[in-house]
Amino acid sequence: VLEGELVAPGEFLLSAGEAAPVRWLGEMVGRVEVGGKVQVALRPESLRLASKEDAGSISGELVELRYTGPATYGTVRLTGERAREIEVLMEPGEAAEGHPVWVGERRQGPPPRIYPAPAGGGRSQTS
């Protein structure tokens, strides 16, 4: 779960570490006013490794690989003072642990789910 800001219905802004914030699309769960704080649940199959030049990509470090037969999942620790870890569906051999990577949206798969941020911080009870 990542924190963000709702910039339009179904569109949220994520802090991207040292880079400019990025806008991603998602599915609203609950009511949030534009400009309100949100929490965003991201599925690994909704994310991909991207290049630094890809618009809308966020930086991190690949900290772990997990092989599950035909699929490979990478745990990415995002850059920034509020660093979180997210899981990304990857191609085998696409990147190595300990290396910097960029993560972008994959337009296939379930969309990110956008929840209202709970009052006072913390994790939403609806996620």
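The values are calculated or read from the model by the stated rules, or taken from the named source; none is laboratory data. This one's a predicted model, so the numbers in the text were calculated from it and none came from an experiment. Methodologically, a virtual Cβ is constructed for each residue, glycine included, from the backbone with ideal geometry; neighbour enumeration extends over all protein chains shown. In case anyone asks, the SASA skips ligands and DNA or RNA and just uses the protein heavy atoms, side chains included. Shrake-Rupley method; radii C 1.70, N 1.55, O 1.52, S 1.80 Å.
Please indicate, with yes or no, whether at least one residue in region 67-79 is in contact with a Phe, Trp or Tyr (Cβ under 7 Å, 6 or more places away or on another chain) and either part of a strand (DSSP E or B) or modelled with pLDDT of 95 or more (or both).
Looking for residues that are in contact with a Phe, Trp or Tyr (Cβ under 7 Å, 6 or more places away or on another chain) and either part of a strand (DSSP E or B) or modelled with pLDDT of 95 or more (or both), one finds none in region 67-79, hence no.
Close contacts from region 46-75, counting a first residue that is without any contact (Cβ under 8 Å) to a residue 24 or more places away in the chain and a second that is open to solvent by 20 Å² or more (accessible area, probe 1.4 Å), with Cβ to Cβ under 6 Å and a gap of 6+ residues or different chains, come to ARG66/TYR73; THR72/PRO92; THR75/VAL63; THR75/GLU64; THR75/GLU85; THR75/GLU87. The one condition from (1) at pLDDT 90 or above; (2) over 15 Å from the mean Cα position of the chain (by Cα) that GLY10 does not meet is (2). All told, LEU47 falls short of being in contact with a Pro (Cβ under 6 Å, 6 or more places away or on another chain) and buried (at least 17 other Cβ atoms within 10 Å of the Cβ).
Residues that are assigned to a strand (DSSP E or B) and more than 13 Å from the chain's Cα centre (by Cα) were ranked within region 102-119; the one that is surrounded by the fewest Cβ atoms within 10 Å (Cβ to Cβ) is PRO116. Among the conditions (1) open to solvent by 70 Å² or more (accessible area, probe 1.4 Å); (2) at positive phi; (3) not charged (D, E, K, R), PRO92 misses just one, which is (2).
Among the residues of region 13-50, those that are small (Gly, Ala, Ser) and at pLDDT 90 or above comprise GLY26, GLY30, GLY35, GLY36, ALA41, SER46, ALA50.
VAL1 satisfies every condition listed in (1) among the aliphatic types (A, V, I, L, M); (2) open to solvent by 60 Å² or more (accessible area, probe 1.4 Å); (3) in contact (Cβ under 8 Å) with a residue 12 or more places away in the chain except (2).
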